[in-house]
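Peer 1: One structure, pasted below without further comment.
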Amino acid sequence: MTTIESVPKILNDGKFRPKNFENWNKVRETMFVHTRGKHPNHILTARRPNEDPDVHGILMQLPLPAAIRGETTRLLEMIAPEKDVDGLTTTNMGRLMAGMDGLVPCTPQGALRLIKEVCPDLSGKHAVVLGRSLLFGKPMQQLLLNEDCTVTQVHSRSVDLPSYVRQADIVVAAVGRAEMVRGDWVKDGAIVIDVGINRMDDGKLKGDVAFDEVVSKASAITPVPGGVGPMTIACLLANTVKAASFL
């Protein structure tokens, strides 16, 4: 049996230094994308790891800096689908929507694993997903549909959000608004997954759910920080191992 050291390649703009990833205790390399000047190297940088046989996974640290944020989709599409450990290329997103095997976005994958730890059989459960982002909301909806949930997806333009959330057996919040989901929005016994990370003026992090109000009503709830975040990293490493098996 051949032993493979799976190497995730991280593309970022230098705001997240390599030391931020040392807790992975895995082989990894960070490539910095320089975005200043008239000829940024981000196109070349994004393509290079595709051709490196020692690199089994590539991810792009999002959001990109303002100078190239409009090119996010274009840059993601330059990542080889079989190395797309964030699962964000159209190939992997399409495979998810079609119910085919592929690399699934890490945060929704981690959230689903947490939900299934509490409730292994989700068939017939009513799930409400707050948020419709490409990075989380849309793939989360599809993962829950694949588990035979009845899924309602709401967002910032939805009318009377509390009325939808009160019906939910499973609440997944990812809207980027601190403590938006209040205690009287959640029915007794609901599973509540808080994906939001909002930094307050005092430097503290808060989720999209008012934890202190909801914790006594929920059958299970994730804290912020320390809830979905560690699962995202675990799923990223699992995706990297899976990607290595493709090569």
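Peer 1: Restricting attention to region 107-159, which residues are over 25 Å from Thr91 (Cα atoms), more than 17 Å from the chain's Cα centre (by Cα) and charged (D, E, K, R)?
Peer 2: Answer for region 107-159, where residues must be over 25 Å from Thr91 (Cα atoms), more than 17 Å from the chain's Cα centre (by Cα) and charged (D, E, K, R): Glu117, Asp121, Lys125, Arg157.
Peer 1: Residues in region 215-236 that are modelled with pLDDT of 95 or more and in contact with a Phe, Trp or Tyr (Cβ under 8 Å, 6 or more places away or on another chain): how many?
Peer 2: 3
Peer 1: List the residue pairs whose Cβ atoms are under 6 Å apart, where the first residue sits in region 58-80 and is closer than 19 Å to Val104 by Cα, the second is of a type in the set (Asp, Glu), and the two are 6 or more positions apart or on different chains.
Peer 2: Leu59/Asp86
Peer 1: Given the options Val55, Val27, name the one that is modelled with pLDDT under 60 and within 15 Å of Leu237 (Cβ to Cβ).
Peer 2: None of the other options fit; the residue is Val27.
Residue-wise test of (1) over 20 Å from Leu143 (Cβ atoms); (2) of a type outside the set (S, T, N, Q).
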{"position": "Ala174", "(1), (2)": "no, yes"}
{"position": "Arg177", "(1), (2)": "yes, yes"}
{"position": "Asp184", "(1), (2)": "yes, yes"}
{"position": "Ile193", "(1), (2)": "no, yes"}
{"position": "Gly196", "(1), (2)": "no, yes"}
{"position": "Lys204", "(1), (2)": "yes, yes"}
{"position": "Thr240", "(1), (2)": "no, no"}
{"position": "Ser245", "(1), (2)": "yes, no"}
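Peer 1: Among the residues of region 81-113, what is the count of those that are outside any loop (DSSP other than H, G, I, E, B), buried (at least 17 other Cβ atoms within 10 Å of the Cβ) and hydrophobic (A, V, I, L, M, F, W, C)?
Peer 2: Counting residues in region 81-113 that are outside any loop (DSSP other than H, G, I, E, B), buried (at least 17 other Cβ atoms within 10 Å of the Cβ) and hydrophobic (A, V, I, L, M, F, W, C) gives 5.
Peer 1: Within region 95-111, which residues are in contact (Cβ under 8 Å) with a residue 24 or more places away in the chain and closer than 22 Å to Glu82 by Cα?
Peer 2: Across region 95-111, the qualifying residues are Leu96, Met97, Gly99, Leu103, Val104, Pro105, Cys106, Thr107, Pro108, Gln109, Gly110.
Peer 1: Could you list, in sequence order, all residues of region 195-214 that are at pLDDT 95 or above, small (Gly, Ala, Ser) and out of contact with any helix residue (DSSP H, G or I) (no Cβ under 7 Å at 6 or more places or on another chain)?
Peer 2: Gly196, Gly207
Peer 1: A further question follows. Somewhere in region 44-60, is a residue of a type in the set (A, V, I, L, M), in a helix (DSSP H, G or I), surrounded by fewer than 20 Cβ atoms within 10 Å (Cβ to Cβ) and on the phi < 0 side of the Ramachandran plot?
Peer 2: Looking for residues that are of a type in the set (A, V, I, L, M), in a helix (DSSP H, G or I), surrounded by fewer than 20 Cβ atoms within 10 Å (Cβ to Cβ) and on the phi < 0 side of the Ramachandran plot, one finds at least one in region 44-60, hence yes.
The values are calculated or read from the model by the stated rules, or taken from the named source; none is laboratory data. No experiment lies behind these values; they were computed from the predicted model shown. Note that we place each Cβ from the backbone using ideal geometry, even for glycine, and neighbour counts take in every protein chain shown.
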